[in-house]
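Chemist: Quick one: structure below, then a few questions.
What follows draws every value from the coordinates through simple rules; no lab data is involved. As the structure is a computational prediction, the values presented were derived from the model and not from experiment. Ideal geometry is used to build each Cβ from the backbone, glycine not excepted, and the neighbour counts take in all protein chains shown.
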Amino acid sequence: MSFSKPLTIVFDLDGTLVESAPDLVDALAVTLAAEGVAPLPYEQARDLIGAGARALVERGLAVAGHQVTPQRLNELHAFFLDHYAAHIAARTLPYPGCEAALDRLAARGATLAVCTNKVERLATQLLDELGLTARFAAIVGGDTFGVGKPDPTSLLGAIERAGGDRDRAIMVGDSAADVGAARAVGAPVVVATFGYTITPPQELGGDALIDHFDELEGAIERLGFS
């Protein structure tokens, strides 16, 4: 059954639509090695994802107790991006049930969009390589409007580019940045418990939690969107 009114559903990318940690953690390990720093344990590095590539490199260095100058951080950030772009979908896959859930929502008339802190060109490249791009009316990155989440600018931009209305929009994400952006916009937020966050998902303050994409439609309906 179709939604009674137009609905825009905006998804985070890493840790929400796709399990990209294997490729991101690999890129971080190669970047740290270029600085003579040992790789971080996988689970520890995984939890650092979510605020964009520069923040991932900066966080990785901080956790390793290694300080660099701002200029060197810029160089390492560029190194990370180059390596990651060359291996962006080596081991990255959509989460189980993701594609089927997106198709069901679209069949009910929802407009889908992506709002990520990944730079837009890499977000688009990844979605292209995974064959997901055509499902989304808008793809907004952390650099699209010059500021990323939790600032609401990129989320508002994604809603507007998708032709939606903030009063009929939902954010689906996995981090405090996603919840913060949604709160600033006044949109409800569904938190995916399988994503990347240091804070336990149950403590992020979302309006609903899902453990699998099969639960997304029900969560949206319980939020009053039918």
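Chemist: Is the C-alpha gyration tensor of region 21-86 telling us rounded, prolate or oblate? Criteria: a/c under 1.5 is rounded; beyond that, a/b larger than b/c is prolate, otherwise oblate.
Modeler: rounded
Chemist: For the chain, what does the helix formula give at 222 nm: sum of -39500 (n - 2.57) over DSSP H segments with n ≥ 4, over the residue count, nearest 500 deg cm²/dmol?
Modeler: Per the formula, -12000 deg cm²/dmol.
Chemist: Mind pulling the angle between the C-alpha long axis of helix 70-86 and the longest principal axis of the chain? Nearest 10 degrees, somewhere in 0 to 90.
Modeler: 60
Chemist: Here is a follow-up. Quick one: if you stick a label point 7 Å off each Cα along the C-beta vector at E43 and R108, how many nm between them?
Modeler: 3.5
Chemist: Compute the acute angle (0 to 90°) between the alpha-carbon long axis of helix 120-129 and the principal axis of greatest extent of the alpha-carbon atoms of the chain; round to the nearest 10°.
Modeler: 70
Chemist: About the Cα centre, and with charges only on the beta carbon of Lys, Arg (+1) and Asp, Glu (-1), how big is the dipole of the chain? Nearest 20 debye, please.
Modeler: Value, rounded to 20: 440 debye.
Chemist: Which of (1) 17.6; (2) 20.3; (3) 26.3 is the computed Kirkwood radius over Cα pairs in Å for the structure on display?
Modeler: Read-out from the structure maps to (1).
Chemist: Convert each backbone phi in region 196-205 into a coupling constant with the Karplus relation 6.51 cos²θ - 1.76 cosθ + 1.60 (shift: θ = phi - 60°), then list the ³J(HN,Hα) values in order as whole Hz, x for Gly and Pro.
Modeler: 10, 7, 6, 6, x, x, 5, 9, 7, x
Chemist: Relative to the longest principal axis of the C-alpha atoms of the chain, give the angle of the C-alpha long axis of helix 53-63, reported between 0 and 90° and rounded to the nearest 10°.
Modeler: 50
Chemist: Amide H to amide H under 5 Å from A138: which residues, 5+ apart in sequence or cross-chain, H placed 1.01 Å off N in plane?
Modeler: V114
Chemist: Right, something else. Using the basic label-point model (7 angstrom from Cα toward the beta carbon), what is the R72 to E203 distance in nanometres?
Modeler: In this crude label model, R72 to E203 measures out at 3.3 nm.
Chemist: Can you say what percent of the DSSP beta bridges in the chain, counting only those with both residues inside, are antiparallel? Round to 5.
Modeler: 10
Chemist: Right, another one. With a 10 Å cut-off between alpha carbons and a GNM built on the chain, which of P201, P96, P41 moves the most?
Modeler: Highest fluctuation among the options: P41.
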